[in-house]
1. Residues that are within 10 Å of chain C (Cβ to nearest Cβ) and closer than 27 Å to residue C:93 by Cβ: does region D:227-235 have at least one?
2. Pick from region E:72-100 the residues that are more than 25 Å from residue F:95 (Cα to Cα) and within 20 Å of the chain's Cα centre (by Cα): which of them is surrounded by the most Cβ atoms within 10 Å (Cβ to Cβ)?
3. Does residue B:66 fit the bill of being more than 25 Å from residue B:228 (Cα to Cα) and touching a strand residue (DSSP E or B) at 6+ places or on another chain (Cβ under 8 Å)?
4. Taking the stated definitions as given, is residue B:133 part of a loop (DSSP other than H, G, I, E, B) and away from every other protein chain (no Cβ under 11 Å)?
5. Looking only at region F:82-101, how many residues end up being in contact (Cβ under 8 Å) with a residue 60 or more places away in the chain and touching a helix residue (DSSP H, G or I) at 6+ places or on another chain (Cβ under 9 Å)?
6. Among the residues of region B:1-37 satisfying the criterion of being at pLDDT 95 or above and on the phi > 0 side of the Ramachandran plot, which is surrounded by the most Cβ atoms within 10 Å (Cβ to Cβ)?
7. For the structure I just gave you, tell me whether residue A:60 is surrounded by fewer than 22 Cβ atoms within 10 Å (Cβ to Cβ) and touching a residue at least 24 places away in the same chain (Cβ under 8 Å).
8. For region E:64-81, which positions are in contact (Cβ under 8 Å) with a residue 60 or more places away in the chain and farther than 24 Å from residue A:29 by Cα?
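The values are calculated or read from the model by the stated rules, or taken from the named source; none is laboratory data. No experiment lies behind these values; they were computed from the predicted model shown. Here the Cβ positions follow ideal geometry from the backbone for every residue, glycine too, while neighbour counts run over all protein chains shown.
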């Protein structure tokens, strides 16, 4: 009923090849290169022993994220945001999403008055950079927390659960899991879903790029996302054990 | 099973008092004051006979939105973005959402090479400013399109359907429609839903502020939103007839 | 000797219809919608219990103003200053003028170490936005001060006198009071005058837009302004009594 | 009745020593160092053979001004505006004033489609920098126009009259001409007056720094300003003849 | 006479391990990861078929560079320049240096009216990021030029010679080649040298961080740099052959 | 062998006429107008009794520099950096160079916790503005230090040596000392050299603008620079004695 074929003969409900490389760079407390097929994001977790103003004196910590793309991560070169002098609305939306997602699984009290910065920098883009960022940032954050525990700076983990994310969308009428760039460009509906290890929703952001979508389509997309995230959660665990 | 009471004894699935005042100011092609209870947003539609660079020469038009809050629209004064020299990430997210929502019901070819700017400025805030903005901006856009038709600048309407939006959320375990500020501050989950007159989804943005939410809770929220938007769509029609 | 006719057959020395609506919005300590004919400005007074750096530890308070125009307050849409990333020179001139005017009737010692922000936002513009802003901001400031007195935060009013403002100008050789936009565009000389309730000058800003003006013309303009401001001062009093 | 003594035993209605040095630097079409006592401003006039967007294709030219202070022109060092990344409200007010003043004596049609930039940079400040700027910028502009005439680029002068400016103020109850910094800091009322060679007003900007001022005081100040400007106009003529 | 020992028992005149990996990412016309020991820089060359304003219509092309560091490339996290809203003076100096160095071996006429952007982004920093950037950017540029030749867009190479760079410095009195971070922090003199394949100087930038340096020390440093660059030039050739 | 003639029949190894005028303006602790032929730079030294954050509590002082050009210091008018809202990369490079050069001869401990700001503002440009700035800034800094000593704020001079700078370059194959603008525009190699009074190097910045330069050419340039700086050092001494 649909002649659409995915690259590598991927099934409609299959993730791309996912690779998680820990300790990718040496200075950060957590440093993870995550690959969703051709999408490669370097996620570092940096611990600083101070908090932003709205948390000072509260006894609580803070977890926040910043996102960037190298100018030639994309098919055609895009302007460098540092040179242009400001981050685009898209960049801000994405880094706010990553930050909220990470905080959803953190007990900030147990972190103590320190900040974990999660920097997600896209080295190569092929769709799904924000969902790869969230999935990789969690692993980097876990590494940073493990170091805090090992150093005795905290006695109990502030991490309450895992968190991971995936994109889903409807392309030519077909619900697909984990969109590549070419699919993302052609899709009618694009949805990013963030879930905990326990299988609850942290964020659902669905957008009709072309035609508006029905409740039935929405349900199909959510089901795909649940499947994909269950698989990502396992991969995070395996990576952290290795 | 829950001792939470809404202001004005409002039912969990009831909208606040909604008022739509057209021609609120005199210069704009469309000018609507929309009130969702204590939330008051002035939505103007301005037509300009040119398009941004990426549409120039395409024969197509453009529809875009900007959002702002007066500094004392809120309980405590917030900084003026013009004085601070930049729009916050929140402001950019909201105006991008309004713009996408409006474009979802526009046939840009039929608009011709002109731009409709939708300016949504919050005079008073009590929760739901982005959903009030979308609902009011549609009415302002329709007024501007009607003027273009009356002036013979376009021969056919570029508007394909209505669009409206509402917030829903879970407060103390209870799914509620159309959150006020006090409810929004206390909610575990906050979701903004944008739908067409035909009842399809344009945007779904759900965020777990406190605990992550289950699939069952999500379904309950979507159902509430569908009910609220059906009512708003009728109010838009009544306002446009008057 | 001059065939110029004002709208609504207004006399050369007559103000437009002036309306002062207190408590226009609910959150601010003072909130006034002031209308000079088609010009509508929302003036809010916000009290903050801290002062800027140059007043810290001085025992004195501070009174300051910010000014803005909604993008479509004007005949054609103007850029949103927050989006452009800076306030125009005109905006800065106006808000500095409003601030100086308000401080001229304040005893900052009696205010104590707190700040009153006067936000003047133009909802609809038809000439005279800065003079309407000053006249309305005074009423909002008085409401905020009354609340501070009622709450016992200050025991004595820091307000020394009223302050109000009006524009005058020479159009086709004729001195006119309270210029509308169409008159302002055509005028040779434009003067904004700020005076106290006692009838003294706080600011006089006269500009020859076309031909330079003589001393005799200046005297005529000042006389008109004195008349107009005397009337505004009475209206402020009536509004505050109601 | 007043024990106030001016520096150098200057009379209340006397200008400070004024020096106008033409051709102070070599590259500009007009380059004037003007000194009002200890205030030294370098005013250059630069001709560019193009006009800003709003004049393009109009056949008319444009005259505009920019103003700056070297960081240590003042008693204590002030921030460099280029380093801070923006011009202060004060700077913008002043350069807008200089620009309007210069345009008031220019026939932009006769200038042809070219721009004269007047850059007024304060090397040393001791009060009255804006009035010195206007008085010196006129001489620089005249030099630039003379060069355009000599080169045959224009056949008729676009300059309609001279323009000059002076400050006046009330210090300890006494109206004074041409305020020095120490007087300016102490004054109750400060007024900057710009007039043409023919003796008409171009700008009057009076501000009550301390107490509001009466109509009688205003008249006294205007009279002082008229006297001062008459003398400056003669000095401009003498300088241009030399 | 000096008890200073380099890491890995490196000789004073030895380069660190240098690795050049071509085609590191897939989208750019040239994409090189260059490693000088622990310093890792991703250098991409992007071709755009247009030139900046100052070259438009000249028949000539342009070669330019931008430089960035990921926030956690360094020992402690540094601010993201895109978030701060401007590039530091250091960043601008470095990217100007890279751009001049690359242009020194380009015949811009033979490039035709197109631009090559060289983006040098530091993934991990351990001293020498600017010299690694120049050395790697040359290889990326060569790859991009080879593609232009292969595609027939240009018929003759615009590259006149190779260009490479190395740092040298005096640490505790000892001249050293290719400083690591720890050496760079401790050095008295730091010099960056850029040379062509033919062995001539393109840039010499020597700075006394501690004590000023003598002519004899300078000669020793230049000699070390010449040796190091001769080796880098060979490595570039080998990498391009592979 | 070369038909190139310098203006005023200057020898290839001769400085232009150098003039150093101390106390050029009255407010700064040091104020020097330095002229290298047609290049005129006003260098002021300002002492502030506080230090930037990275020195607070260290017991050490700080010395820093800022650089600017008046818009019409140059042959054609350049944009005012304050109006454009940022300093160019060139400006930042120069002011960083001046700052490093000055700090190279300062013992920051002996300065105590205070800052000396060196503002170098170019009134007229004809090549060599950065080297004139350094040479003049030293004299201004010495005057400021002398005042600190005279006032008893410090008991021992923090100045360790003199510092001065000159440009050298190769024009049509000929090494020249102290390039004028016309020579600078035509040169193949341009080098700025900063040296101490004792004859050691503080900075060497050589750039091949046209062809790369050989080691022999470099040696010739350094020799010229050493000669020029020896002469400047004497002139600084003579100026400080007068």
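1. no
2. Going through the qualifying residues, I end up with E:73.
3. no
4. Details: part of a loop (DSSP other than H, G, I, E, B): no; away from every other protein chain (no Cβ under 11 Å): yes.
Spelling it out, it is not the case that residue B:133 is part of a loop (DSSP other than H, G, I, E, B) and away from every other protein chain (no Cβ under 11 Å).
5. Of the residues in that region, 2 qualify.
6. B:37
7. Spelling it out, residue A:60 is indeed surrounded by fewer than 22 Cβ atoms within 10 Å (Cβ to Cβ) and touching a residue at least 24 places away in the same chain (Cβ under 8 Å).
8. E:65, E:67
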